[in-house]
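**Student:** Before I ask anything, here is the structure I am working with.
The values are calculated or read from the model by the stated rules, or taken from the named source; none is laboratory data. Just so it is clear, the model here is predicted, and its values are computed rather than measured. Because the Cβ atoms are built from the backbone with ideal geometry, glycine has one as well, and the counts that use them run over all protein chains shown. All accessible areas refer to the heavy atoms of the entire protein, side chains included, with ligands and DNA or RNA removed. Shrake-Rupley method; radii C 1.70, N 1.55, O 1.52, S 1.80 Å.
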Amino acid sequence: MSILVDKNTRLVVQGITGKAGTFHTQQCISYGTNVVAGVTPGKGGLKWENSVPICNSVSEAVKQEGANTTVIYVPPPFAADSILEAIDAGIELIICITEGIPVQAMAEVRHKLNQGSVNARLIGPNCPGIITPGQCKIGIMPGYIHKEGRVGVVSRSGTLTYEAVWQLTQKGLGQSTCIGIGGDPINGTSQKDAIALFNDDPETDAIIMIGEIGGNAEEEACEFIKKHVNKPIAGFIAGASAPKGRTMGHAGAIVSESGSGTAEAKFNAMEDAGITIAKNPSKIADALLNCYSG
Amino acid sequence: MNIHEYQAKALLNEYNIPIPKGFHAQCESSIDRAIEQLESSQKIVVKAQIHAGGRGKGTFTNGFKGGVQLCKTSNEAKSIALKMLGNHLVTKQTSALGRKVQTIYFTEACSINHEYYLAILLDRESAGAVIIASTEGGMNIEDVARNSPEKIVRVRVPLDLGLKPHHSRLIAFNLELKGQQIKELHLILNGLYRMFIEKDAELIEINPLITDSAGSLFALDAKVSVDSNALFKHPEITKLRDTNEEDPKEVEASAHNLNYIALEGNIACMVNGAGLAMATMDIIKSYGGEPANFLDVGGGANEEQVTAAFKIILSDPNVKGILVNIFGGIMQCDIIAKGIVLAAKNVSLSVPLVVRLEGTNVKAGKKILNESSLKLISADSLAEAADIITKTVAELSG
């Protein structure tokens with residue numbers, strides 16, 4: 001009933017002894033996530049909250065505790081290095097929550113991920129994480145808004161994802177898996193990657209894609225959807241009312257394909273790909289119900 | 001983070017990119033000293049320093065035209081500079097109020113043979129650098145892209161390999177440079193790329209890059225933007241920040257680690273998360289209202305930050321109503337609720353407040369709000385909240 005994470009996920013938490021790491025690890029454990037280890041360099045051998053073993057490195061967590069997935073709550077100056085450490089330790093799924101990582105550091109991470117010998121998938125950074133309702137919650141999303149079901153959700157936003165998920169749940173539409181891919185210009189898993197995973201998942205019947213202005217991740221996903229996806233999809237783009245030129249430098253506009261980056265262009269691409277559009281963020285679940293009976 | 005032209009040029013100079021000799025002044029008494037250091041036989045260009053393009057064609061609010069002027073004598077340069085200093089310059093990139101000119105940059109004039117465009121920026125798709133160059137410099141590159149895209153060359157530079165000689169050659173030949181100029185461009189590109197990497201730049205734009213009458217290349221204007229997330233590595237860049245160039249409310253917000261952007265409407269919003277904040281603005285607009293701001297209180301906002309956020313919102317005289325929309329993940333609803341109550345005690349809340357809370361600790365949050373003596377309207381959904389605040393503000397505005 002899911003992609004990427006489920007009951008078999010064995011999670012290590014990088015930055016487990018920090019304030020955010022501690023709070024959200026407690027939340028994830030009480031949701032049912034199997035947290036097998038934490039990493040805080042220098043605190044190896046101790047136990048977090050008298051329960052979870054702390055390791056000095058991710059590779060220790062892999063070897064000693066059998067971790068196969070990591071979540072990163074490490075502060076921005078060190079978070080990109082934490083991702084690289086997790087890749088080197090052979091972790092298959094890396095979820096980076098941290099916001100504010102320098103973009104060139106993320107460019108290095110992307111090059112590492114693209115190397116043929118690397119088999120890791122990164123979700124984020126600057127994202128809420130990933131949840132398979134009823135099985136595994138990794139990240140900072142409130143667990144109770146989710147419900148087990150068959151709708152896949154992918155989003156660049158955190159709280160806007162909660163908004164959409166809550167609408168779905170209130171309408172009785174459960175979710176297979178919800179992925180926040182993060183709001184940074186350079187990230188790991190793209191909209192297209194997540195859509196492809198949902199498309200291949202026999203237990204996902206319909207998809208919600210939530211994007212925002214800037215870049216061309218939604219346009220790229222729409223191209224893929226046009227060619228390969230027959231599952232019903234509803235979508236929303238945040239930022240139609242955003243002022244121009246505040247998030248992107250003016251020379252930046254000519255790097256992306258002409259016309260991309262605006263909410264209008266993205267809504268057009270979605271329309272062209274046959275996605276049912278929610279023009280209003282409070283109508284995202286309703287939009288899905290227009291093309292999917294649940 | 002953006003910096004001024006004179007600061008950008010100083011950085012270019014550090015990376016051996018040729019610039020015309022220049023000095024800046026920030027008060028009347030330093031003008032003479034700046035001008036004296038220039039070659040007296042040369043004409044002088046007087047340039048108003050603001051973080052906005054279109055300065056040459058801009059107009060000062062006192063009616064004086066042109067934020068960039070060519071002067072024949074030192075006296076003329078001084079008198080022009082005095083007309084600029086302290087006045088507001090309006091360009092197509094500023095608001096109608098313009099920006100106050102607090103620094104004047106004096107440079108030696110160049111004889112211009114040809115104007116080119118040259119920029120390096122981060123390319124999201126390839127996660128590398130891209131160098132953009134054009135034979136059509138001195139004008140808005142977006143216009144060139146629209147009208148004659150064939151005159152723009154884009155060269156992607158992978159960060160793991162860095163800038164290679166063939167990248168430089170490709171750009172040089174596309175700019176139709178010859179002989180010595182190709183070598184000069186090679187040095188310029190090397191400096192540009194090193195500066196891009198070492199300073200964590202998001203954009204370095206040289207427009208125009210010129211050849212002078214002797215055929216040598218110079219950077220005549222420069223715009224540099226640095227990744228704000230990387231400033232912890234660059235104290236030397238951080239100190240170049242000029243808060244005079246920012247909305248005072250935005251400066252105050254950044255001091256509290258809040259992400260605030262002033263807009264022109266009358267419905268303020270306070271939201272957690274950038275995507276939801278944009279969506280909240282969108283829905284206010286779709287219900288016929290106009291958002292007064294973008295405000296993301298972030299994932300870990302505390303009581304003090306929420307209080308500061310309210311003070312900033314209420315310092316905007318246009319604000320006729322406030323919509324608080326919190327969907328708690330990292331942000332816990334009870335913390336936001338405490339902040340709202342605290343802020344209301346500190347600031348006399350004279351405008352209608354609609355609060356929509358959902359997520360972590362929502363029950364505790366709503367309880368705190370309900371048990372306070374605050375006059376607020378609680379909404380259960382985003383649509384309901386937007387509906388109430390737009391109607392309330394519309395009624396107030398009559």
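**Student:** Search region A:187-233 for residues being within 14 Å of chain B (Cβ to nearest Cβ) and of a type in the set (Val, Ile, Thr), and hand back the single one that is farthest from A:Ile277 (Cα to Cα).
**Tutor:** Looking at residues that are within 14 Å of chain B (Cβ to nearest Cβ) and of a type in the set (Val, Ile, Thr), I get A:Thr189.
**Student:** On to the next question. Here are some residues: B:Ala25, B:Ala52. Which one is over 24 Å from B:Leu217 (Cβ atoms), at pLDDT below 95 and open to solvent by less than 30 Å² (accessible area, probe 1.4 Å)?
**Tutor:** On the way: B:Ala25 fails: at pLDDT below 95.
Checking each option against the conditions leaves just B:Ala52.
**Student:** Could you figure out which of (1) more than 8 Å from chain A (Cβ to nearest Cβ); (2) among the small types (Gly, Ala, Ser); (3) farther than 24 Å from A:Ser190 by Cα isn't true of B:Ala145?
**Tutor:** Among (1) more than 8 Å from chain A (Cβ to nearest Cβ); (2) among the small types (Gly, Ala, Ser); (3) farther than 24 Å from A:Ser190 by Cα, the lone unmet condition for B:Ala145 is (1).
**Student:** Mind checking whether some residue in region B:294-305 is more than 7 Å from chain A (Cβ to nearest Cβ) and in contact with a His (Cβ under 7 Å, 6 or more places away or on another chain)?
**Tutor:** yes
**Student:** Now a separate question. Residues to consider are A:Ala120, A:Ala61; find the one that is modelled with pLDDT of 95 or more and farther than 18 Å from A:Asp193 by Cβ.
**Tutor:** From the options A:Ala120, A:Ala61, the qualifying one is A:Ala61.
**Student:** Right, another one. Based on what the data block shows, is A:Gly44 in a loop (DSSP other than H, G, I, E, B) and more than 18 Å from the chain's Cα centre (by Cα)? If you could, list the steps in order and put the result at the bottom.
**Tutor:** On the way: in a loop (DSSP other than H, G, I, E, B): yes; more than 18 Å from the chain's Cα centre (by Cα): yes.
So A:Gly44 fits the description; yes.
**Student:** Can you say whether B:Asn244 is open to solvent by 20 Å² or more (accessible area, probe 1.4 Å), touching a residue at least 24 places away in the same chain (Cβ under 8 Å) and not in a loop (DSSP other than H, G, I, E, B), as far as the supplied structure shows?
**Tutor:** yes
**Student:** Shifting gears a bit: Which of the residues belonging to region B:96-137 are open to solvent by less than 60 Å² (accessible area, probe 1.4 Å), part of a loop (DSSP other than H, G, I, E, B) and either modelled with pLDDT under 95 or farther than 23 Å from B:Glu246 by Cβ (or both)?
**Tutor:** B:Gly98, B:Ala109, B:Cys110, B:Ser111, B:Ser126, B:Ala127, B:Thr135, B:Glu136, B:Gly137
**Student:** Would you mind listing the strands (runs of 3 or more DSSP E) fully within region B:169-234 where at least 3 residues are surrounded by fewer than 21 Cβ atoms within 10 Å (Cβ to Cβ) and of a type in the set (A, V, I, L, M, F, W, C)? Steps first, answer last, please.
**Tutor:** Working: elements: B:201-212, B:217-219, B:222-226.
Strands (runs of 3 or more DSSP E) meeting the threshold: none at all.
**Student:** Can we say A:Tyr31 is surrounded by fewer than 21 Cβ atoms within 10 Å (Cβ to Cβ) and either touching a residue at least 12 places away in the same chain (Cβ under 8 Å) or β-branched (Val, Ile, Thr) (or both)?
**Tutor:** yes
**Student:** Tell me, yes or no, whether region B:322-330 has at least one residue that is in a helix (DSSP H, G or I), of a type in the set (Phe, Trp, Tyr) and under 21 Å from B:Ala274 (Cα atoms).
**Tutor:** Taking every residue of region B:322-330 in turn, none turns out to be in a helix (DSSP H, G or I), of a type in the set (Phe, Trp, Tyr) and under 21 Å from B:Ala274 (Cα atoms).
**Student:** Restricting attention to region A:108-131, and to residues there that are touching a residue at least 24 places away in the same chain (Cβ under 8 Å) and surrounded by fewer than 23 Cβ atoms within 10 Å (Cβ to Cβ), which single residue is nearest to the other protein chains (Cβ to nearest Cβ)? Walk me through it before giving the result.
**Tutor:** Restricting attention to region A:108-131, the residues satisfying the condition of being touching a residue at least 24 places away in the same chain (Cβ under 8 Å) are A:108-110, A:112-113, A:118-131.
Of the ones still in play, those that are also surrounded by fewer than 23 Cβ atoms within 10 Å (Cβ to Cβ) are A:108, A:110, A:112-113, A:118-121.
On the way: A:Glu108: 7, A:Arg110: 4, A:Lys112: 9, A:Leu113: 9, A:Val118: 13, A:Asn119: 19, A:Ala120: 16, A:Arg121: 16 Å.
Only one residue tops the list, namely A:Arg110.
**Student:** Taking region A:85-107 as the search range and keeping residues that are farther than 24 Å from B:Ser254 by Cα, more than 16 Å from the chain's Cα centre (by Cα) and open to solvent by less than 10 Å² (accessible area, probe 1.4 Å), which one is nearest to the other protein chains (Cβ to nearest Cβ)?
**Tutor:** A:Ala107
**Student:** Does region A:138-145 contain at least one residue that is of a type in the set (Ser, Thr, Tyr), open to solvent by 10 Å² or more (accessible area, probe 1.4 Å) and out of contact with any His (no Cβ under 9 Å at 6 or more places or on another chain)?
**Tutor:** Among the residues of region A:138-145, at least one is of a type in the set (Ser, Thr, Tyr), open to solvent by 10 Å² or more (accessible area, probe 1.4 Å) and out of contact with any His (no Cβ under 9 Å at 6 or more places or on another chain), which makes the answer yes.
**Student:** Hey, another quick one. Restricting attention to region B:351-368, which residues are of a type in the set (Gly, Ala, Ser) and open to solvent by less than 30 Å² (accessible area, probe 1.4 Å)?
**Tutor:** B:Gly359, B:Gly365
**Student:** So which pairs qualify, if the first residue must be in region A:219-233 and under 16 Å from A:Ser190 (Cα atoms), the second must be open to solvent by less than 80 Å² (accessible area, probe 1.4 Å) and outside any helix (DSSP H, G or I), the Cβ gap must be under 6 Å, and the two must be at least 6 apart or on different chains?
**Tutor:** Between residues of region A:219-233 that are under 16 Å from A:Ser190 (Cα atoms) and residues that are open to solvent by less than 80 Å² (accessible area, probe 1.4 Å) and outside any helix (DSSP H, G or I), the close pairs are A:Glu219/A:Ser260; A:Cys222/A:Ala273; A:Ile225/A:Ala273.
**Student:** Tally up the residues in region A:146-170 that are surrounded by fewer than 24 Cβ atoms within 10 Å (Cβ to Cβ) and either β-branched (Val, Ile, Thr) or within 12 Å of chain B (Cβ to nearest Cβ) (or both), please.
**Tutor:** Residues meeting the conditions: 3.
**Student:** May I ask you to verify whether B:Glu176 is in contact with a Pro (Cβ under 8 Å, 6 or more places away or on another chain) and touching a residue at least 40 places away in the same chain (Cβ under 8 Å)?
**Tutor:** no
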